Each structure stands twice: as C-alpha cells, then as structure tokens.
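Each remark here refers to the structure printed beneath this line.
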Amino acid sequence: MASKRIIIFDTTLRDGEQSPGASLNVDEKIEVGRQLAALKVDVIEAGFPVSSRGDLEAVKRVSSEVKGPIICGLARAVRGDIETAWGALQYAKRPRIHTFIATSDIHLKHKLNKSREQVLEIAVEAVKCAKKCTEDVEFSPEDAVRTDFDYLCQVVEKTIAAGATVINIPDTVGYALPDEFGAMIARLLEKVPNLDKAVLSVHCHNDLGLAVANSLAAIKNGVSQVECTINGIGERAGNASLEEIVMILRTRKDFLDYTTGVDTRQIYRTSRLVSELTGIVVQPNKAIVGGNAFAHEAGIHQHGVIQEKTTYEIMDAASIGLAESQLVLGKHSGRHAFQQRLRELGFELGAEDLDKAFYRFKELADKKKHISDRDLEAIVADEVQTVPDIYRLDYLHVVAGSGIIPTATVRIASDEGVVERSGTGVGPVDAVYRTIAGCIGDEHQLEEYRIEAVTGGTDALGEVYVRIRDSQGHLFTGRGSSTDVLDASARAYLRALNRLVYQARAKGDQEKPPGRGV
C-alpha cells in the first residue's frame, strides 16, 4: 500500500511574521513566497489581508506572482475580513480563504463575550460567506485544545455542512501533550460523522516545546495536513518547524509511513533566506538547519564519520541542500564559476545583482584565500536587497584605542545630497551609530546589536544584526557583513534605517494583525 501523503501548509508569511520584529515588506514576502514554491510546499498562507494595506498588497502580489502552491489568506469570521481576503486572493490560480473564531470557554468569556450558540452561528455564516467567494475554504476553531470536546464536535460538523473543505485544529497556546493531542484527533474522526468530507489539519504552537511532537501525534492519528513555519518561527515560542516535520517523516519511514511533496534539497536555502530577511538567527544547535547540525568536534565522532557517515549522521547533509562544493573559489575564479556555485546554492540573480555580488566576492577574495559557501551566502544577502538603499555609506573613518576617545567620521549619501559628520561615543561602534543617526535624523532607538563570525579564522567575515524601534514602536532589522566589523556594523545599521524610512514612506505597511489568529 502506498504511503499516505501529508499536505504541508506553510504559514511563515502569516504566523511566522508575527514574531516580534520579524515584519517583512511586500518585496521580501514575494521573495520568501517564491522560495517556498521552490521548496514545493502545498499551501502558502501569504498573510492577513485586512490587517494593513501592506499585508493586503503582499497577499495580492503573492497570489499574482507565486505559482504552484495553493495561496491562502487569513480572515476573522467577519464579512469584511472575508471580502477583503478575497479581494487579494482572487488573483491566485488556486485560492483558499482561511477563516477562524475562538471556541474555548475562556476565549468566549474573556475575549468575545459571546455564548457558544452565538459563536457557532458566526462560524457557520463565515464559512458560507467565504464559500460564495471560493470553493476552497478552511475553518479553524481557535484554541480548540481547550474547547469543550462535544461543543468542538458540533462546531466542526456544522462548518463542514456549511461548506468548509479543510478543518484545522489549532493548539493555539501550545498546551497539549502528544498522547492527549493524538487521542483528541482520533476521537474527532470517530465522533464527527461528516469529517470524511473535509481535510483534517493541525496547527501547533511550541510554548512547551512540543509543537513538532504534537503534529506527529496528529499525523499518526489520521490528519492529512500540518501547518508549520520555516525555522519554527512564530508568536511567542513559535510554531511547529517545517524542516523538522518533513525530515522526521523522511528519515523514520520505518516507523512513520508518510510522504510529503517537499523538495528537501531546498530546506537549507529557505531557512537561511527566512533568517536573513527576518533577522531571527537560527540557534547553532537547532535540529536540521542549525550550524552544528552536521558538525562533529569529538574525536571519536570525527573518526567514525570519516570511516562511515552513518555512524553519527542519520541524515545526509546533501538531502537538505548542504552538498559540498566541487568548485574551489578564490581570487582567480571567474564570473561563470561564481554564478554556477550560486545556482548550486539556490540563488538565481539578475544581471545587476550578479554584478554587485561578484564585485563583493572579488573584494573578499583579495583578503581571504578560500571563500566558503557561507561567505557566498553572506555576500548575496548583503548585496541583494529588497529595500532600496535610500541612505548609502560613502565614507567611514574610526579612531579608537586605549586612552583615546572613540571618534567616527561618516559621510552618508542620498538622493537629497551628501551629509558628512564626526562624533564620539563610549566605544567605536557607539561612535559610528551616533554619528550616522546624526546624519539621518529619523527618531528611533537601538534595541539589539549582535555580531558573529560567518566562518572561522581571523580573516572571517563578521556578520552584524541590528534591530531598531521607531517612535511608534515598530521594529526593523538590518544585517551587514564585512571582514571589518565596524564596516559591517555601519552596513547593518543603515539597512535597518533604510527599512524604517522605506516603511514609513510606503504608509499602511506597519500594523500587526488585529487578531493573532490560530
């Protein structure tokens, strides 16, 4: 008998983007959406259209420009939300409206101030409304795990009768244990008479670190769709991690006889892209995509892997897109070898972006003997930007040392002209940032500054991540890389400031969803 096919519903662009400080602009959402299509996920939840003009535009453009997966948009069980969602989704070849309302007594009492009967009626009417727009309608009873089971069965049965084609059971606050959640799914399939007429899905949060385990328990008990995010990002402790679910199903087929349509060779590239654009760094010991996932330091482990990889590696690094390069890149490498290696890493650059990246590569190759794949990824991430360089660093000079007051001289160029200024700080980075801020003048506060080496050695690229907050409380991230950490710091800071200014000018692309959803 053939393995059961599990539908992978990716909500990185919706629930994942609700991570604090992870807001993506429209162009960045398009870039992630295209990469998710290359990853071959089945469904992309592109956003929450009613939440802001920016999200509305993002869902509309993902619907128009990203081909392959079903494109889904979230809507509260409110006619206006649903109609707005359809206004954006109608451009998709395969659109889906995902509507939701809370069903647990704690939410009914403290958030909605409604009775069970009222919420049931609202849910049914919302599904009927969405059904008039599109055939594919998903319904989620928010906080299903803490909902009275008999009432949950009633809501599920009635919404399917109203036309829901997918029923999603969310563990909204990450409360369930795997055995408990699996048993709940099995009971739903047993008790709801028309559940065979809809796809059964789950959406698990990671508050207790059990999102992936709960998703697997649900799969074993009969669900056909799992909702997850790249790198497990999302509100609070995040969501079920797509790469972990997919690779567990692939690696343990002896125990879990299920398949997905995901192209696992695109996992690492997708993980890096999401990390770079959101500014949320993947922890080194993160399963599957962490920097240490395929690293071996203990001598006995190294010896075993040299003799036979399977002694300590249960997965092939190539299966997630980490195949070793067959080309050694250095100062004498040409454009064709450079472009070929980028393609192997999953980057398809246009002529202008390729020129910029190749120029940076040549600059770096003059300073480093060997260029690693991580160096190339950092170069591409640094040069290929979805936000225009409104402000550009023309000149940077820093004086610092023991007994010297750190001083920075900075020249910033923009379409409005060139501004040059000098300033001091408690350290060299502080001096650079104070001086840049004085040149630009937009009101903001530095929330986070983080630096790490891309590779080992004293000639390693330094990669800097910066997070700033504007006067309205919105967070913006920036990253920069260079063998000079002060240059990398200035690049990262300017990128964050450019995002702040770009977002402010775009207008309406700043608000988080009015209801957090499932």
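No lab work stands behind these numbers, since they all come straight from the coordinates. Here the structure is a predicted model, which means the values were calculated and not measured. Counting neighbours? That spans all protein chains shown, and the Cβs are built from the backbone with ideal geometry, glycine included.
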Cβ-derived FRET efficiency at R0 22 Å, Ser414 paired with Asp355, nearest 0.05: 0.50
When region 4-278 is reduced to its Cα atoms, the Kirkwood hydrodynamic radius in Å: 18.3
Counting all C-alpha pairs of region 350-452, share separated by more than 21 Å (%): 52
Stretch gain in nm, segment Ala337-Asp389, where the contour uses 0.36 nm per residue and the Cα spacing is subtracted: 15.9 nm
20 Å Cα-Cα reach of Lys331 towards aspartates and glutamates, excluding residues that sit fewer than 8 places from it in its own chain: Glu344, Asp353, Asp355, Glu363, Asp366, Asp373, Asp375, Glu377, Asp382, Glu383, Asp459, Asp484
Within region 384-411: backbone nitrogen closer than 14 Å to the Ser422 label point (7 Å, Cα to C-beta): 396-400, 405-411
Region 392-506: C-alpha gyration tensor shape, a/c 1.5 cut-off, then a/b vs b/c: oblate
Per-pair calculated FRET efficiency, R0 = 51 Å: Lys114 and Lys253 via Cβ, rounded to 0.05: 0.65
Rounded tilt (10° steps) of 335-344 against the dominant C-alpha axis of the chain: 30
Residues of type lysines that Lys109 reaches as a straight line, Cα spacing below 28 Å, ignoring anything fewer than 8 places off in the same chain: Lys128, Lys158, Lys191, Lys512
Between region 240-255 and region 367-406, the Cα center-to-center distance that results, in Å: 38
Percent of beta bridges antiparallel (DSSP, the chain, rounded to nearest 5): 50
Compactness of the chain - radius of gyration and Dmax, Cα, Å: 24.5, 79
Structure-based [θ]222 nm, the chain - -39500 (n - 2.57) summed over DSSP H runs of at least 4, per residue, nearest 500: -12000 deg cm²/dmol
Added length on full extension, which subtracts the Cα-Cα distance from 0.36 nm per residue, Glu363 to Glu65: 103.8 nm
Protection proxy ranking, peptides 458-471, 112-125, 38-51, average beta carbon neighbours within 10 Å, highest first: 38-51, 458-471, 112-125
For region 92-162, the spread of Cα positions along each principal axis, largest first, Å: 39, 21, 20
Centroid-to-centroid separation of region 450-510 and region 102-173 [C-alpha atoms, Å]: 41
For region 59-196, radius of gyration divided by Kirkwood radius, i.e. Rg to Rh on alpha-carbons: 0.99
Cβ-Cβ FRET estimate between Ser372 and Ala237, R0 fixed at 22 Å, reported to 0.05: 0.10
Proximal aspartates and glutamates to Lys253, defined as alpha-carbon separation beneath 19 angstrom and excluding residues fewer than eight positions away on the same chain: Glu243, Glu244, Asp263, Glu313, Asp316
With Cα atoms, 0 to 90° folded angle of helix 53-65 axis to the chain main axis: 80
When each of Lys93/Lys197; Lys114/Lys197; Lys40/Lys367; Lys197/Lys220; Lys29/Lys368; Lys93/Lys356 is checked by Cα-Cα distance, pairs over 31 Å: Lys40/Lys367; Lys29/Lys368; Lys93/Lys356
Rule-of-thumb Rg ratio for region 324-380 [Cα; 2.2 N^0.38 Å; N residues]: 0.98
